[in-house]
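Structure record follows, encoded as structure tokens.
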């Protein structure tokens, strides 16, 4: 049976040996609680960011995938094709585009401007992935000598994200063609360049200047940004040119593009689209103004993808939160090691004192 002195020694084991150690231990306990609370806060923040990312991915995939009633109207081959059924869903649908060997296989719309379909689907309902759309300044029947079609660079191989794959020389070499179905005719797309441009490039995106004129200068501008080109083929001034444009990198003004020649495969080309007369007249009025006044209005810049910018902010916030959480975890581990070291030190001191005392039997 232990005597009272042994019991008192056991109680003293739990008490600090000095005021300095008591103050230090108290400070460590407070710091431990604060850090634990911060850890919980940052963990919850990361959970919210992760939840947003999952929801965003689902919404992007859902909005970028064609609904069944539109997907079943996909054209095939050189069959007589009409857009009538698609235009019953949305009269703004003007074509169907497909790039062979890729996921780019979508109807093409044309809105009243280049922002209408940035975040709207083919039913004009809100959609993160938007729609593939023809520049509003282009003829809806693709009668212009130079046309531009835009699509977002989305995840999961949606919309025009596959354009970036053409930067790989082997992929570019083995993917040369596509097809464009327009009301009353079918074009074969011969892909000649993969290029990169700035969204504020006044030359490449200047349709009023290059839509039906200055073909030689346009070809020079397109070559200027070319990353991959066909060694066995080249654009000529008589070609009908189609530019497919998408965002190159998140949150930047860079654009990745495919430059293709349109070759008529079936149907007859018409002289013009009467539904575009009002648009053309409006542009003529703009061109009548002074050059300085008209410069900003006549040059329509490539549409900006706000979804990329939002996701960029969210990703940066997630990275910052994750970095802070990692630092907090290391601090917590350091505090725990310090507390453990102090406990071991006190125990060793108590053990040493007990050894010096005579054992009572």
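Take peptides 147-153, 88-94 and line them up by average Cβ neighbours within 10 Å, highest first, as a rough protection proxy. Provide the component values of the computation, followed by the final result.
On the way: 147-153: 25.3, 88-94: 17.6.
The packing order, highest mean first, is 147-153, 88-94.
What percent does the relative contact order of region 74-210 come to when contacts are Cα pairs within less than 8 Å and at least six residues apart? Intermediate values should be presented prior to the final figure.
Working: 226 pairs, mean separation 31.2, N = 137.
Rounded, it is 23 percent for region 74-210.
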So for each of 205-211, 170-176 I average, over its residues, the number of other beta carbons within 10 Å; can you give me the resulting order with the highest mean first?
205-211, 170-176
Describe numerically, in nm with one decimal, the distance between label points set 7 Å from Cα along Cα→Cβ at residue 212 and at residue 123.
3.7
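Using a Förster distance of 45 Å, how high is the FRET efficiency between residue 44 and residue 169, based on the Cβ-Cβ distance and rounded to 0.05? Walk me through the intermediate numbers first.
Working: r = 46 Å, r/R0 = 1.03.
Efficiency, rounded to the nearest 0.05: 0.45.
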For 255, 344, what's the fewest-to-most ordering of other Cβ within 10 Å of each Cβ?
344, 255
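Once R0 is set to 56 Å, what does the formula 1/(1 + (r/R0)^6) return for the Cβ-Cβ distance between residue 253 and residue 353, expressed as a FRET efficiency to the nearest 0.05? Before the final figure, lay out the partial values.
Numbers: r = 73 Å, r/R0 = 1.31.
That pair, residue 253 with residue 353, gives E of 0.15.
Quick check on the exposure proxy: order 345, 355 from fewest to most C-beta atoms within 10 angstrom.
Details: 345 12, 355 8.
Taking fewest neighbouring Cβ atoms as first place, the list is 355, 345.
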Give the order of 246, 102 when sorted by the count of other beta carbons within 10 angstrom, beginning with the fewest.
102, 246
A chain fully extended from residue 88 to residue 340 at 0.36 nm per residue, minus the present Cα-Cα distance, gains in nm 83.3 nm
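Quick note: the coordinates plus some simple rules give every number you see, no bench work behind them. Model, not experiment: these values are computed from the prediction. Neighbour counts run over all protein chains shown; Cβ positions are idealised from the backbone, glycine included.
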